[in-house]
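The values are calculated or read from the model by the stated rules, or taken from the named source; none is laboratory data. None of these values were measured; they are calculated from a predicted model. Heads up, the Cβs are rebuilt from the backbone with ideal geometry, glycines too, and the neighbour counts pull from every protein chain shown. Ligands, DNA and RNA are stripped out before the accessible areas are found, and what is left, the full protein with its side chains, is counted by its heavy atoms. Shrake-Rupley method; radii C 1.70, N 1.55, O 1.52, S 1.80 Å.
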Amino acid sequence: MSDTIHSVLIEDRLFPPPAAFQAKARLKDLAEYERMYRRSIDDPEGFWGEQAKALIPWMKPFDKVLEWKEPFAKWFLGGQTNASVVCVDQHANSWRKNKAAIIWEGEPGEVRTLTYGQLQQEVMKLANVLSSMGLQKGDRVAIYMPMVPEAAIAMLACARLGAPHNVIFGGFSSEAVRDRVNDAGCKMIITADGGYRRGQVVALKPAVDEALAKNGCPTVEHVLVVKRAGNPVQFQAGRDHWWHEAMQKAPAKHVAEPMDAEHPLFLLYTSGSTGKPKGILHTTGGYLVGTTITSRYVFDLQDDDVYFCTADVGWITGHSYIVYGPLSNGATILMYEGAPNYPDFGRFWDLVEKHRVSIFYTAPTAIRAFIRAGDHFPARADLSSLRLLGSVGEPINPEAWMWYHRVIGGERCPVVDTWWQTETGAIMISPLPGVTATVPGSATVPFFGVDPEVVKQDGTPCGPNEGGLLILKRPWPSMLRGIWGDDQRYKDTYWGKLAHRYFAGDSSKRDSRGYLWIMGRVDDVLNVSGHRLGTAEVESALVQHPWVAEAAVVGRPDEIKGQAVVAFVTLKANAKPDHDVRDTLRDHVAKVIGAIAKPDDVRLADALPKTRSGKIMRRLLKEIAAGGVPKGDTSTLEDLSVLAKLKDED
Ligand code: WT7
């Protein structure tokens, strides 16, 4: 079975939109789509101005659509709105008041439903709680939470006050929390005692305590704690507060203040090619326009849908396609707390059946794990409510696409393979399910206003089927506005590689049909289970360990995770390991960054292969990692310097 998962299936079948889907779709006419796309490219300001007016409520209309001072963009200038009004009040004050906004299921199986009216009450109360703790417009708030409705409520309450949130994935370590809180200068942390994952309580508050210990985060004044798992936690008087106690005392009404379109909405840290994660900055108006329009057209969101995105709010997918995009459209979202394989690999399918999910969005790595687990899991559930399937995070191999289409979608659901990034804020390349004929493995065509090209290193366009760098030729409303505190890095990383072009960091090709195929990162960033991980980040964690002299981290193809993390390590001459080196270093990385960064393989070497100028020969290491040397054999010290002498290149 496993051999079939990654073998190269050449799949060139076209899957036109299924007729039954198309009949109901918001956009069903290819000519209309083409006209809209043309307009978005020929008259971007006209297109986006109209869309922005129609898509979200403005508290003050904008008077200029775009100001582009490369590489800095401002969208919808003069306009004011408030993200919590767009996502909540707009609907709570309408016929959607009693419509479910969030259906939540905890891993142990309990269910809570919040209508738009109830969500509004919670967001208003929390906004009052946060202001009473001294939080003001512009202050940053870290959110370190399990997947509970309070995570979304916290984001929306911060947005209501104009306090940019900085969500930190609950799987990150206390050290990662400390770095992200300090880089952003957060004034508050919103967290929980713990959450459920594979039947266990994952405690979060102790990690916050550790991050804050010894004045580790000097800017943090208050910590607000949701009681979720009931595990014992320590409280520091004056600093720590229970969410439920604070909420009880809070007034139920809160008037949202209008925010400028360019007011910062959030920061989200993501890995790059240096050891230091970057705080990607998104602002209010453009981000909301981008997430609203893509949710509407890519997911074809309609009022009777139940939409389930399996991401965590700690990643951009959770921001854009659990919280902001779907709620802005007044959709009903299903939010699930736990692991996909708890109590077994049928959990998602049981959720689909129980809550009559109609739109399902997940990552290829999950799909490959489901293939391996076996078709009997989806077979036991009634999946007939599904009408659309989405994929995100990494290239989807045609086998996984076909399985998804056949076994989960019953051959009646279009599959949208959506390419985008933390930086793009919203989906950039994707089929539109009612109009685009799909090809398994291709993300197909650019979304409205997106102008991509595949180019060579020198910036000249590649021919059909020729691999090159993926670039975008113009700004778009939901693009990042910068890297927190580092304009130079923003310029160099995204707009400095090729003149006047946004460089995505991915390689790609365009086939003779004009469809785009995303092939993977071209920088030193790995994609492990759909999560971005900088090799330099893992290396800097490794060299923090007292035994380690040097470390080089590379990716190895992995049939489930996409890429696995392989670390080549040399030890200091005086290192006296008293434990298994491999396990110790793997645990050390998990402690410094989080379990997602744990190397799958640690290889000890006498020396790392280097060029004459002292550069580590990563290409050689990648070959070694992918090739014959027995996995996990830490007893053989690899004499990589010998190999390097044979292959002095890179
Ligand atoms: C990188 C961005 C966007 C949300 C999840 C990841 C890869 C993303 C696809 C896709 C091929 C994809 C790219 C991209 N990626 N979607 N449909 N096909 N590759 O967000 O952590 O910012 O990572 O994920 O390499 O650059 P992220």
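Here the spin labels are modelled as points 7 Å beyond Cα on the Cα-Cβ line, and at residue 543 and residue 595 they lie 2.9 nm apart. Close amide H pairs (under 5 Å, H built 1.01 Å from N) link residue 445 with 430, 516, residues at least 5 positions away or on another chain. Pairs from the table (97/137; 227/253; 60/249; 205/249; 253/278; 137/491) lying more than 25 angstrom apart at Cα are 97/137; 60/249; 253/278; 137/491.
Counting only protein heavy atoms, what percent of the accessible surface of the chain is carbon or sulfur at a 1.4 Å probe? Answer for the chain: carbon and sulfur cover 51 percent of the accessible area. For residue 520, the residues whose amide H sits under 5 Å from its own are 507, ignoring neighbours fewer than 5 places away on the same chain, with H placed 1.01 Å from N.
On the basis of the beta-carbon distance and an R0 of 35 Å, residue 50 and residue 460 show a calculated FRET efficiency of 0.50. Ligands, DNA and RNA excluded, the heavy atoms of residue 202 present near 60 Å² of accessible surface to a 1.4 Å solvent probe.
Solvent-accessible surface of the chain, taken per residue with a 1.4 Å probe and all protein chains present: 37 Å². Within the chain, the longest run free of GluC sites (Glu not before Pro) that sit in a DSSP loop with at most 13 other Cβ atoms within 10 Å is 111-410.
With the whole protein complex present, residue 187 retains an accessible surface near 50 Å², based on a 1.4 Å probe.
What is the chain by shape, rounded, prolate or oblate, if you read a ≥ b ≥ c off the alpha carbon gyration tensor as root eigenvalues and call it rounded for a/c under 1.5, prolate for a/b larger than b/c, and oblate otherwise? Taking the square roots of the gyration eigenvalues as a ≥ b ≥ c, the chain is rounded.
Working from label points 7 Å from Cα in the Cα-to-Cβ sense, the residue 344 to residue 110 distance is 2.6 nm.
FRET efficiency for the pair residue 133 and residue 622, taken as 1/(1 + (r/R0)^6) with r the Cβ-Cβ distance and R0 = 51 Å, rounds to 0.55. Label separation (residue 487 vs residue 234): 4.3 nm, computed from points 7 Å beyond Cα along the C-beta direction. The Cβ shell under 14 Å around residue 519 holds other residues with a net charge of -3, Lys and Arg each +1, Asp and Glu each -1.
Assuming 0.36 nm per residue, please report the length gained on full extension of the stretch residue 513 to residue 26 beyond their Cα-Cα distance.
172.9 nm
Can you tell me how the range 1-139 classifies by the Cα gyration tensor, rounded, prolate or oblate, using a/c under 1.5 as the rounded cut? Verdict is oblate for the range 1-139. When the surface is traced with a 1.4 Å probe over the full set of protein chains, residue 513 keeps roughly 100 Å² accessible. Quick one: net charge around residue 368, please, counting Lys, Arg +1 and Asp, Glu -1 for every other residue with C-beta under 11 Å from its C-beta. Its environment carries a net charge of -2. Determine the shape class of the range 310-368: with a ≥ b ≥ c the square roots of the Cα gyration tensor eigenvalues, call it rounded for a/c under 1.5, and otherwise prolate if a/b is greater than b/c, oblate otherwise. Note, shape of the range 310-368 comes out oblate. Which FRET efficiency value, to the nearest 0.05, is calculated for residue 244 and residue 578 with the Förster distance at 45 angstrom and r the Cβ-Cβ distance? Approximately 0.45, to the nearest 0.05.
Each peptide in 305-314, 20-29 receives the mean, over its residues, of other Cβ atoms within 10 Å, and ordering these scores from highest gives 305-314, 20-29.
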